[in-house]
Amino acid sequence: MSYPRNFINPLSLQICFLLLASFSNGQNPYQSYQTSIYCNASSPIEHPTSIEEVQAIVNLAISTNQTVKAIGSRHSISDVICTEGIPMNLENIKYTVLNSDGTVKVGAGAKVKDVLDFLQSHNLSLIHVPAFGGITVGGAIGTGAHGSSLLHPTSLSDQVVGLTIVDGQGNVQIINSANDLAGFQVHLGLLGIVVDVTLTTVPLFKMTIRNTLHPETILTDGTALIWAQSRDWFEMWWFPSSSSVVVSVGDYVDVSTPGEHYTNMLPNVNLLEVIAGRTAYELLQATRNTSGLLAMEEATRLSMYEVPGAKPPLYTGDGVKLENPATGFAHQLMSNRCESCPWDYGAVALNPEESSLAFNLYDLPRVVNTVRGILSQEGAENTLFTMIGMFIRFSRASPALMAISSGRPTVTFEWTTPMRTDPFNTPKAGIAGFQAIAQAMVTEHSGRPHWGKNGPYFFNPDILEEVHPNRNSFIGLMAKYDPNGVFHNKFAKRLLATSAEMNVHPSVTHCALQEYCICSKDDDCGNNQICKALNGYMACHDAPTNSKKDSNLTIL
């Protein structure tokens, strides 16, 4: 049943006692999955098991003048995940129900891979899925997680036909009108607590993928754009240091096609592997070992299309042998989930830092030239893409108001770097180049930062207003479904342009290292660094006496 807005049921009273206990110390921190984002709530994380319990928590927040936020696996590394009020994890709301019209209703806390496995057991699938299957469905549509295709909707957001939510007044609402769906498809957690999502399904199918190596000239001479517009699946990994691109082309095939291969992009790792990887990355970065970093980048490149060496094969049937071409159930070649991930090992975890910006599809050649121009400058010698190259993906124009592909066919550039063991003081190798590239992508190409993959600076009011033409329409929906700001957080206030405040990790002393700021003085940068321009953009450079190493090397 649904409770009226002002009704406080017995469950709410139990929660209230818990909240009062937590208010006495006011410290209930939680973090993003790789620890870079730090949130401090007034309440411990709640775990509702039903829509009635979600209503009770929202009504309690209203009655106690608190805010509230739904969180999932916290795979966003922006402070979109934070609240100063009551956080709730919907991991216990994970039902999956097939509807008679061919759609599927999914609890917001269900993991994407679990939904795909359920659908496969019923000879069904989704037409396209995000690359990481360990995120929740609610989180996936919250930030617009996506795959790569110009022929099919790449995100779960664009496959949503309905939602059940609890709004900012504690009422249950069914969202299915086109105008409102456009807002909820990438909701940022600011329109309501999404309890379940209804998605379109398709008959189960397979895909054949082939990865091949090409010169980087295909990025600027129109070849890559032609290929991208004709294939069911198309993505690329660019390695500027070798002037090469690994191209991944996929075609949907009948479910009867032989093959049981899958992607191994995020393999399971054990403790020794994590420590070895963390130690290697830390040593190479601390000593600014360019040749060693290049070797790591080359190992990544080879694992994608040739016999793997230091890295697991990208596509496989047994986790050992590289399959290229590879054929298997399409969702298993697009997406996987590690059960023992590099970031799961606490104090010795190998944590990633991610950046992702999206552009008009036809701006691809210009963006490539901008990146190459920055990488050619003094100060960018160690700006190398060791973990996944420069990952390039494609999306067709989305109707979702706040999708990074909203209103335009889109190409996305993404890179992942290994976090230093002391990320608050010691800068990553090549940080000046990475910082200049990200700034140039926004300033010169109207790049839209991915909602869950960039530091807080890239969600400041000026950037949000500049690159999101539907911002005012989305703000209108915020007022409609949350008139009193129950779901507001610091991220929301920046979107509204009422504040520039961020959720800042308490260990931060050098704001530019994790993109809380663009440096304006040397102290904004890491130890033994100076702030100066690179290709016109302020960035953190190693000081001349520190060109080969930094002074703080910590492995464990």
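Just to check your reading of the model, which residue among Thr421, Thr410, Thr416 is surrounded by fewer than 24 Cβ atoms within 10 Å (Cβ to Cβ), polar (S, T, N, Q) and closer than 21 Å to Ser76 by Cβ?
Thr416
Select from segment 394-453 the residues that are assigned to a loop (DSSP other than H, G, I, E, B), farther than 24 Å from Ser520 by Cβ and either among the small types (Gly, Ala, Ser) or in contact with a helix residue (DSSP H, G or I) (Cβ under 6 Å, 6 or more places away or on another chain) (or both) and list them in ascending order.
Ala397, Pro399, Ala400, Leu401, Met402, Ala403, Ser405, Gly407, Pro409, Thr421, Trp451, Gly452, listed by residue number.
Could you please give the count of residues in segment 478-496 that are touching a His at 6+ places or on another chain (Cβ under 9 Å), under 20 Å from Asn171 (Cβ atoms) and either surrounded by 22 or more Cβ atoms within 10 Å (Cβ to Cβ) or aliphatic (A, V, I, L, M) (or both)?
Looking only at that region, the number is 1.
Does Ile388 qualify as being surrounded by fewer than 23 Cβ atoms within 10 Å (Cβ to Cβ), under 22 Å from the mean Cα position of the chain (by Cα) and of a type in the set (A, V, I, L, M, F, W, C)?
yes
Can you tell me which residue is surrounded by the most Cβ atoms within 10 Å (Cβ to Cβ) among those in segment 32-69 that are of a type in the set (A, V, I, L, M, F, W, C) and not in a helix (DSSP H, G or I)? Give the derivation first.
In the first step, residues of segment 32-69 are kept if they are of a type in the set (A, V, I, L, M, F, W, C); the result is 37, 39, 41, 45, 51, 54, 56-58, 60-62, 68.
If we keep only those that are not in a helix (DSSP H, G or I) as well, we get 37, 39, 41, 45, 68.
On the way: Ile37: 25, Cys39: 22, Ala41: 25, Ile45: 14, Val68: 27.
The residue in question is Val68.
What pairs come out if I take residues in segment 70-81 that are buried (at least 24 other Cβ atoms within 10 Å of the Cβ) and pair them with residues that are among the small types (Gly, Ala, Ser) and part of a strand (DSSP E or B) whose C-beta lies under 7 Å away, six or more apart or interchain?
Listed by first residue and then by second, the contacts come to nothing, as the list is empty.
Being under 17 Å from Thr154 (Cβ atoms) and in a strand (DSSP E or B) is the filter here; which residues of segment 336-364 pass it? So that I can check it myself, show each step before the final result.
Restricting attention to segment 336-364, the residues satisfying the condition of being under 17 Å from Thr154 (Cβ atoms) are 336, 356-361, 364.
The answer is Asn336, Ser356, Leu357, Ala358, Phe359, Asn360.
It is to be established whether one or more residues within segment 305-325 are assigned to a loop (DSSP other than H, G, I, E, B), hydroxyl-bearing (Ser, Thr, Tyr) and modelled with pLDDT under 95.
Looking only at segment 305-325, we keep the residues that are assigned to a loop (DSSP other than H, G, I, E, B), and these are 305-314, 317-321, 323-325.
Checking which are hydroxyl-bearing (Ser, Thr, Tyr) leaves us with 305.
Pick out the ones that are also modelled with pLDDT under 95 and you get 305.
Yes, because at least one residue in segment 305-325 is assigned to a loop (DSSP other than H, G, I, E, B), hydroxyl-bearing (Ser, Thr, Tyr) and modelled with pLDDT under 95.
Does Glu297 satisfy the criteria of being assigned to a helix (DSSP H, G or I), surrounded by fewer than 21 Cβ atoms within 10 Å (Cβ to Cβ) and assigned by TED's automatic domain parsing to the domain that holds Phe391? Steps first, please.
Numbers: assigned to a helix (DSSP H, G or I): yes; surrounded by fewer than 21 Cβ atoms within 10 Å (Cβ to Cβ): yes; assigned by TED's automatic domain parsing to the domain that holds Phe391: yes.
Judged against the criteria, Glu297 is a match.
Based on this model, can you work out whether Leu333 counts as hydrophobic (A, V, I, L, M, F, W, C) and either in a loop (DSSP other than H, G, I, E, B) or without any contact (Cβ under 8 Å) to a residue 24 or more places away in the chain (or both)?
Numbers: hydrophobic (A, V, I, L, M, F, W, C): yes; either in a loop (DSSP other than H, G, I, E, B) or without any contact (Cβ under 8 Å) to a residue 24 or more places away in the chain (or both): no.
In short, no.
The values are calculated or read from the model by the stated rules, or taken from the named source; none is laboratory data. A quick note: this is a predicted structure, and the numbers were derived from the prediction, not measured. Note that each Cβ is placed from the backbone with ideal geometry, even for glycine, and that neighbours are counted across all protein chains shown.
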